[in-house]
Amino acid sequence: MLFGPTPILRFKMFMPTMPMTLVKVRERRENPRRMASAVFRVLPSMTKWEIKEYLQKIYDLPVAKVNTMNYQGKRKRIIAGR
């Protein structure tokens, strides 16, 4: 005990430094039986577990399940000679 009482052991959590962007929110008004849902845009390297932990620990949101979808972006044409 050099610097005071023994420290309290706490759960160490890993939080990625990856951006999450809210795209769309679907509330319960449309269908009362359905849970509210939200759509986020994240980096492809984030896993479902990381997304769930991020939302629960940082924003204190109840997360029932996480669905992910990967898709290609639109191709852009490059017009040369102008």
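Computed from the coordinates by the stated procedures, all read-outs in this text should not be read as laboratory data. Nothing here was measured: the structure is a model prediction, and the numbers come from that model.
Things worth noting here:
- Of all lysines in the structure, those lying under 23 Å Cα to Cα from Lys74, and not within fewer than 8 positions of it along the same chain, are Lys24.
- For the stretch 29-82: rounded, prolate or oblate by the Cα gyration tensor [a/c cutoff 1.5]: prolate
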